[in-house]
1. What trypsin sites (Lys or Arg not before Pro) does region 138-232 have in DSSP loop regions with at most 13 other beta carbons within 10 Å?
2. Over region 202-295, average the accessible area per residue using a 1.4 Å probe and give it in Å², no decimals.
3. Leaving ligands, DNA and RNA out of it, report the carbon-plus-sulfur percent of the accessible area of region 261-327 at a 1.4 Å probe.
4. Out of His187, Leu162, Gly243, whose Cα points farthest toward the positive end of the dipole of region 154-274 (charges: +1 Lys, Arg; -1 Asp, Glu; placed on Cβ)?
5. Residues of region 1-141: accessible area per residue at 1.4 Å, in Å²?
6. How about region 9-111: which chymotrypsin sites (Phe, Trp or Tyr not before Pro) there lie in a loop by DSSP and see at most 14 other Cβ atoms within 10 Å?
7. Over region 157-203, with every protein chain in place, what whole percent of the accessible area is carbon and sulfur at 1.4 Å, could you tell me?
8. Which value in nm describes the separation of the simple spin-label points at Leu89 and Asp184, placed 7 Å from the Cα toward the beta carbon?
Amino acid sequence: VAGPLGSTLSTRFGARPVAMAGGFLSGLGLLLGAFATHLTHLYLSVGVLAGLGWALVFTPSLGTVGRYFPARRALATGLAVSGASVSGLALGPLVPLLLDTYGWRGALLLLAAISFNLVAAGALLRPLPVPNESPGPPRDGRGLIWLLRHGPFLRYALAFVLVDAGYYVPFVHGAARAHEVGCDEHHAGLVMAAMAAIDGGGRVAAGWLAARPAVPLLRHLFAWAVLTGLTLLLLPLGTSFGGLLALALAYGFCAGALVPLQFAGVAEVVGAGRLVHAIGLMQMFESFGSLLGAPFAGWLRDVTGTYTISFLAAGAFLLAGSLLILTLPGFFHASRGVSGKEGSPIPAPDGPE
């Protein structure tokens, strides 16, 4: 939800100090959480403070990547966000080991030490100005208002609210689904680890394919969204370990492919000059879909007694979101000047749609 705050601050003060401040807050939140004596303390420290810190890191970092590599934005974004898959694979076995060895307080202290490294990582950011961007003070409020009145951006954001309502369901309920079809703890963990591992490969592969100029990026995005929705609809067919593993690998690859194209596609819709603001607002809108999707899937499991309807509903959300991508102006014909021949930024129109 703090995405717009991160974009506004980074536009006004620069990505480097905002990302460094975010890294400090995320580490501080985990550090204070280690001394919590009540659940409310964890809500405020790990939830609010660390969450705010991550928002201040994520939005400026992705915005910087998008502005640094206009001609290869999708590939650069794919490489950048693949780091999440690498860290997820590393922390998967590490966190249980830390909990067993040092307890939850010690584990939070060590995770805080890792998070404080975001300060050093943020110090390495060196944003570049976008060509044709006004050198004067940024008009943050006007930029946000422009986006909230911009029809294509609002449809794009709504598309990913729907996509995210289904996207996280296999990652949250996948292990429980594996238990439901008879897998033990080891095999269920293997399914989840394989899905997370192939996710990183999908992020890089989709970025590389989108760098080919033959097909517009929004068409790549639509294709991967449809494939992700279809593989999610097929997940209930995995009634054995082998079948579930194969479908989980397919879903993980397609789901990973969506991530870099989603953020690179923002620049196609609003232009590179408003990329940071747009990413911040996208994060805020998406959070509602992310928060509602997994609990809704759990409620459907409680009502029906099986995860079949949960996965079918999640796939339907993804396919509904993909249909909204068809309505964007750059899908069937050339966009109204948000990117040039080699992806060089050109200012988007100042008025609403």
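1. Details: sites: Arg139, Arg142, Arg149, Arg155, Arg177, Arg203, Arg219; in loops: Arg139, Arg149.
Hits after loop and neighbour filter: Arg139, Arg149.
2. For region 202-295, the solvent-accessible area averages 33 Å² per residue.
3. Values: 1690 of 2310 Å².
C and S fraction of accessible area: 73 percent.
4. Value: Leu162.
5. Here the residues of region 1-141 average 53 Å² of exposed surface.
6. Numbers: sites: Phe13, Phe24, Phe35, Tyr43, Trp54, Phe58, Tyr68, Tyr102, Trp104; in loops: Phe35.
In loop regions of region 9-111 (DSSP not H, G, I, E or B), the sparsely surrounded chymotrypsin sites (Phe, Trp or Tyr not before Pro) are Phe35.
7. Here carbon and sulfur together make up 68 percent of the probe-accessible area.
8. The answer from the label model is 2.5 nm.
The values are calculated or read from the model by the stated rules, or taken from the named source; none is laboratory data. The shown structure was predicted, so the numbers you read here are calculated from the model rather than taken from an experiment. Backbone-built Cβ (ideal geometry, glycine too); neighbour counts: all protein chains shown. The accessibility values were calculated without ligands, DNA or RNA, using every heavy atom of the protein model including side chains. Shrake-Rupley method; radii C 1.70, N 1.55, O 1.52, S 1.80 Å.
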